[in-house]
1. Can you name the condition, by its number, that SER13 falls short on among (1) surrounded by 12 or more Cβ atoms within 10 Å (Cβ to Cβ); (2) over 24 Å from TRP125 (Cβ atoms)?
2. Could you list, in sequence order, the residues of the stretch 100-121 that are within 14 Å of CYS80 (Cα to Cα) and without any contact (Cβ under 8 Å) to a residue 24 or more places away in the chain?
3. Scan the stretch 59-67 and give yes if some residue there is closer than 24 Å to ASP32 by Cα and among the hydrophobic types (A, V, I, L, M, F, W, C), otherwise no.
4. Going residue by residue through the stretch 112-120, is there one that turns out to be of a type in the set (D, E, K, R) and either within 30 Å of LEU17 (Cβ to Cβ) or in a helix (DSSP H, G or I) (or both)?
5. Here are GLY79, GLY89, GLY104, GLY4: which of them is on the phi > 0 side of the Ramachandran plot and modelled with pLDDT under 95?
6. Give me a count of the residues in the stretch 71-102 that are surrounded by 14 or more Cβ atoms within 10 Å (Cβ to Cβ) and closer than 21 Å to GLU43 by Cα.
7. Which count do you get for residues in the stretch 82-107 that are farther than 13 Å from MET70 by Cα and in a helix (DSSP H, G or I)?
8. Scan the stretch 27-60 for residues that are more than 22 Å from VAL98 (Cβ to Cβ) and in contact with a helix residue (DSSP H, G or I) (Cβ under 9 Å, 6 or more places away or on another chain) and jot them down.
Amino acid sequence: RTRGMLGASPLLSDLLLRRARHVIRENRRCKDFAAALRAQSTEPLGRLLRESHASLRDDFEVSSPELDAMVECAVGASGCLGARMTGAGFGGSCLALVESEWAGGFLEEVRAAYFQRTGIEGEIWVCQSGTSATVT
């Protein structure tokens, strides 16, 4: 399907097609994420985060085993709607969307699961979204 979106160019290698597929689909995910926020619908948010991480890992190839483990531990923890890597890639950070009432348990669950899986003590911070910036 990506070949069709890019005009079926024989000049693009499979690697470049995967990169382009990530960019095209990530743009769509961003638009869908914004629409879900406006609709106050949380289910699509988690799915979009999970899809984004899979695309970054598989198509753009900028994740790492440790970061994949962190995302998997987060997604498997109580209260987590979805997670994905963030940052420049090849390490970096994981962003997880967690229902606020589960935040404390989520921290402990992910910390323990990640250490058990990797032997690394990850740092985890709880953040809350604020109001958006506006121009008047």
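1. (1)
2. Those that are within 14 Å of CYS80 (Cα to Cα) and without any contact (Cβ under 8 Å) to a residue 24 or more places away in the chain: GLU101, GLY104, LEU107, GLU108, ARG111.
3. yes
4. Scanning the stretch 112-120, I find at least one residue that is of a type in the set (D, E, K, R) and either within 30 Å of LEU17 (Cβ to Cβ) or in a helix (DSSP H, G or I) (or both), so the answer is yes.
5. Exactly one of GLY79, GLY89, GLY104, GLY4 is on the phi > 0 side of the Ramachandran plot and modelled with pLDDT under 95, namely GLY89.
6. Here the count works out to 20.
7. Adding up the residues that qualify gives 6.
8. ASP58, ASP59, PHE60
The values are calculated or read from the model by the stated rules, or taken from the named source; none is laboratory data. Since this is a predicted model, take the numbers as computed values, not measurements. No Cβ is skipped: glycine too gets one built from the backbone with ideal geometry, and neighbour counts run over all protein chains shown.
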